[in-house]
Amino acid sequence: MASLPEYVTAAKPAPQDARAAWFKNTAPTYAGVMLWFVFWQDIVSGAAVPGGGLGAGLLVGILGIVVAALFCHFLTYLAPALMGLKTGLPLYVVGTSTYGVRGGFFMPGFLMGALQFGWLAVNAFFSAYAICLALRIGCVEVGGVYDVVVPGPVHSIVTVTFLLAAVTMGLVGIKYVAKVATYVPLIFLAILIILFVKTMGGLGSFTTEKVITASEAAPQQRQLALAETKEKFAAAEKEGELTPAQIALRDRTIEKAEGAIAAAEAVLVNVVEKNEAGEAVKTEPKSPLSTFGILAFISAYIVGFFATAGAAGADFGTNSRDTNDVQWGGYVGIIGATVLAAVMAMLIVAGAYGADMIKTPALVGNFNPVALMSDPSLLGDNARWAMLGLAIASFAPACFPALIAANSFRSTMPQGWKIAVALGTLIAIGLSVTGIVAEVVSVFAIVGASFGPICGAMLADYLLAGCKWPGPRAAFNPAGWISWAVGFYLGAIGLIAEKIPELAVVAIKVPCPAMAALIAGFVVYIVLAKIGLQSKSLEMPAAE
């Protein structure tokens with residue numbers, strides 16, 4: 001008993017009479033996560049190559065989604081959820097078997113809380129982005145398409161307001177948010193259905209050549225949009241001298257348009273060599289992804305997004321009555337909702353390009369359904385209302401990360417949890433207003449690298465113990481920490497080396513980083529456990 005820290009001994013198993021059926025808690029909560037528009041909007045466009053995630057065909061893309069959804073359920077969620085079910089104890093306690101009672105304070109306990117502020121930052125950024133587009137504030141127009149200036153004062157004000165409101169409601173008003181949280185994901189689903197109905201007629205005409213051709217045409221089409229924009233400002237200048245505000249607007253608009261052209265060009269070529277000024281001096285053309293490439297990309301994208309939610313299965317398990325609840329909660333809330341949202345998003349893009357619906361030059365080659373819905377052939381100006389709906393529906397999900405982080409910090413550091421929450425909020429604000437979290441594929445990669453090894457090691461720990469929770473282990477469990485380090489390296493080193501070229505010498509190319517991190521955590525943990533690199537087991541006090 002004396003060897004166990006207070007945060008472990010203070011934990012009480014969830015009573016059986018406080019648990020509920022899978023369709024009342026686990027399934028709707030996970031479905032809400034997977035229906036969130038930030039998850040499905042880049043399922044095609046996240047692969048920055050010609051044709052994106054559809055470059056090897058629609059069926060391959062759908063197969064990738066189904067496989068990734070199965071990975072999420074069976075490899076990331078199931079073991080933590082079953083341990084939570086059988087013990088009634090939360091993740092930060094269940095994780096002490098894998099990482100030790102001292103190590104468990106940091107991982108998964110503190111790390112889970114810290115990453116919630118990353119998710120809060122992502123939510124605030126994209127919700128504020130949608131609000132700005134809906135209200136046409138803080139935006140510039142290029143070729144009839146509006147885009148938000150980031151970083152910019154308007155987006156920053158909306159972001160900070162949204163984020164602080166979410167934190168406040170998450171801490172003091174969550175009971176009110178919870179009453180509507182089950183229903184707001186239906187807004188995401190409704191928008192997906194509307195877009196699908198608009199585009200489904202083009203599915204029979206879809207070919208991979210159409211999306212690849214669109215990618216190849218995108219730079220030229222965006223050049224046309226830039227030329228049109230410059231002509232408008234030139235015409236305005238002929239009518240009279242531009243004011244400082246108009247000049248600033250012109251410069252921001254042209255900068256946005258040029259950035260869009262550069263992004264379209266980056267889809268087509270890899271920069272092999274740069275000069276001292278950072279300009280590309282040697283490039284090579286990119287090819288569409290192969291079948292394996294699509295499967296690897298989609299698996300990394302979905303598993304990376306889901307990894308923290310998978311480990312949180314331990315907490316959902318404590319609210320489940322039996323194994324049947326755990327399984328069906330995952331079947332419907334994870335596998336079903338993931339396949340539904342991601343496949344619909346992919347079908348919308350395929351249908352739009354199959355029917356040659358995207359005629360707006362600034363949108364050609366764009367595979368993001370949220371961006372495409374502003375094209376006149378889809379929703380046109382009505383897309384503003386859809387944008388507002390996406391932002392409103394995202395508020396309830398934004399409140400829960402603040403609550404989860406506060407609960408995690410309150411349990412692991414009861415004396416300083418308020419300071420930790422305040423610091424986390426400030427960091428989330430910084431990540432949001434600067435636009436760092438806009439690169440969701442990179443965000444998902446870091447999350448997958450961080451929590452993929454945790455899920456893999458917890459699965460290994462569960463299986464080695466005979467499909468039960470092994471109980472807490474002393475101090476820092478070497479098997480857990482070493483397996484995490486190996487998994488994180490495989491999952492993150494490629495991305496880190498892209499940002500810090502000096503680390504390229506220690507980088508290796510991993511085709512599916514999130515899955516590699518998970519598998520490494522699983523395999524390395526088993527190997528180290530078999531050779532005796534586990535700290536000793538400690539006795540857990542009996543529940544009173």
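The values are calculated or read from the model by the stated rules, or taken from the named source; none is laboratory data. All of these numbers come straight from a predicted model, not from anything done at the bench. Positions of Cβ are backbone-derived with ideal geometry, glycine not excepted, and every protein chain shown enters the neighbour counts. Surface accessibility is based on the protein's heavy atoms, side chains included, excluding ligands, DNA and RNA. Shrake-Rupley method; radii C 1.70, N 1.55, O 1.52, S 1.80 Å.
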The rounded separation in angstrom of the Cα centers of region 426-451 and region 458-476 is 31
From most to least accessible, 1.4 Å probe, no ligand or DNA/RNA atoms counted, Met344, Met540 line up as Met540, Met344
From the cross-link list Lys24/Lys175; Lys210/Lys359; Lys175/Lys418, the entries with a Cα-Cα span beyond 18 Å are Lys175/Lys418
The distance between the Cα centres of region 184-212 and region 36-94, in whole Å, is 20
per DSSP, antiparallel bridges as share of beta bridges in the chain, % nearest 5, sits at 90
Neighbours of Gly143 by Cβ distance under 12 Å: Lys/Arg at +1, Asp/Glu at -1, summed charge 0
Simple SL model, points at 7 angstrom along Cα→Cβ for Ile193 and Tyr176; separation in nm is 2.9
Scoring the chain by relative contact order with C-alpha pairs under 8 Å, at least six apart, yields a percentage of 31
Ordering Asp42, Asp315 by the accessible surface of their heavy atoms, 1.4 Å probe, largest first, yields Asp315, Asp42
The rounded separation in angstrom of the Cα centers of region 114-168 and region 379-394 is 14
With every protein chain in place, the accessible area of Trp36 for a 1.4 Å probe, in Å² rounded to the nearest 10, comes to 20
Projected onto the charge dipole of the chain (unit charges on the beta-carbon of Lys, Arg, Asp and Glu, signs +1, +1, -1, -1), the Cα from Thr161, Gly456, Thr26 with the largest positive-side position is that of Thr26
Unit-weight point scatterers at every alpha-carbon of the chain, Debye formula, q = 0.09, 0.12, 0.13 1/Å: log10 I(q)/I(0) is -0.67, -1.16, -1.34
To the nearest 20 debye, the chain has a Cα-centred charge dipole, built from +1 on Lys and Arg Cβ and -1 on Asp and Glu Cβ, of 1420
Applying the gyration tensor rule to the Cα atoms of region 453-544 (axes a ≥ b ≥ c; rounded if a/c under 1.5, else prolate if a/b exceeds b/c, else oblate), the class is prolate
The percentage of the accessible area of the chain (probe 1.4 Å, all protein chains present) made up of carbon and sulfur atoms, to the nearest whole number, is 65
